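Peer 1: Please read through the structure below; I'll follow up with questions.
Just so it is clear, none of the values below were taken in a lab; they were calculated from the coordinates. Quick caveat: nothing in here was measured; it's all calculated off a predicted structure. Here the Cβ positions follow ideal geometry from the backbone for every residue, glycine too, while neighbour counts run over all protein chains shown.
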Amino acid sequence: MDGIVEFLGFWMLYLAFAALGFWCWRRLFFWLKPGTDIRRFCHMLGAVLLFTPAPIEAGSVYFAPAMVVFPFTLLTASMQQAAFALNWFLGGLVVGALVLAVVQLARFVQRRRVEVEPPRG
């Protein structure tokens, strides 16, 4: 993580532009019905794509966006050497899926609570 602290200014700049990119990504799915699970899943994929860091090579302390590390390592080396960046993407997808599951559970519980509560008054 020394690489992140050492280049903190550049990471903040990247996060600002990644947030702008994520905003654009969300606008790409205007044709999906708002509030659907498919739309939320597509938004999660964009967040994982833009915000997942990965070490620039296996065992390195310097990080870069995984969407840059994976293809360039794949182009300059082999798939075996690029697999570490793919693992970071898969980890991001697992975390994203867990967050979606927790949000879905909270929505389900809230919906059930509204259906069960009798009207006051």
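Peer 1: How big is the charge dipole of the chain about its Cα centre, in debye rounded to the nearest 20, if each Lys and Arg gets +1 on its Cβ and each Asp and Glu gets -1 on its Cβ?
Peer 2: Dipole magnitude for the chain comes out near 860 debye.
Peer 1: Okay, helix-only estimate at 222 nm for the chain: each DSSP H run of n ≥ 4 adds -39500 (n - 2.57), divide by all residues, round to 500 deg cm²/dmol; what do you get?
Peer 2: Taken over the chain, the calculation gives -25000 deg cm²/dmol.
Peer 1: Expressed as an acute angle from 0 to 90° and rounded to the nearest 10, what is the orientation of the C-alpha long axis of helix 8-27 relative to the principal long axis of the chain?
Peer 2: The angle comes out near 50 degrees.
Peer 1: Would you work out which of 36, 5, 114 lies farthest towards the positive end of the dipole of the chain, given +1 charges on the beta-carbon of Lys and Arg and -1 on that of Asp and Glu, about the Cα centre?
Peer 2: Looking along the dipole axis, the top candidate is 114.
Peer 1: Looking at region 35-121, which trypsin sites (Lys or Arg not before Pro) are in a loop (DSSP not H, G, I, E or B) and have at most 13 other Cβ atoms within 10 Å?
Peer 2: For trypsin sites (Lys or Arg not before Pro) across region 35-121 that sit outside H, G, I, E and B with at most 13 neighbouring Cβ atoms in 10 Å, the list reads 120.
Peer 1: Give the longest segment of the chain that steers clear of chymotrypsin sites (Phe, Trp or Tyr not before Pro) in DSSP loops with at most 10 neighbouring Cβ atoms within 10 Å, not counting the sites themselves.
Peer 2: By the stated rule (loop sites, at most 10 other Cβ atoms within 10 Å), 32-121.
Peer 1: Could you give the angle, 0 to 90 degrees to the nearest 10, between helix 37-51's Cα long axis and the longest principal axis of the Cα atoms of the chain?
Peer 2: So the helix axis and the longest Cα principal axis differ by about 30 degrees.
Peer 1: Can you order the peptides 43-49, 98-104 by their average number of other Cβ atoms within 10 Å per residue, highest first?
Peer 2: 43-49, 98-104
Peer 1: Using P(r) over Cα pairs in 5 Å bins from 0, in percent as the read-out, say which of (1) 2, 12, 17, 14, 11, 9, 8, 7, 7, 5, 3, 2, 1, 1, 0; (2) 2, 10, 17, 20, 20, 16, 9, 4, 1, 0; (3) 2, 10, 15, 16, 17, 13, 9, 7, 4, 3, 2, 1, 0, 0 was calculated from these coordinates.
Peer 2: Label (3) holds the value from this structure.
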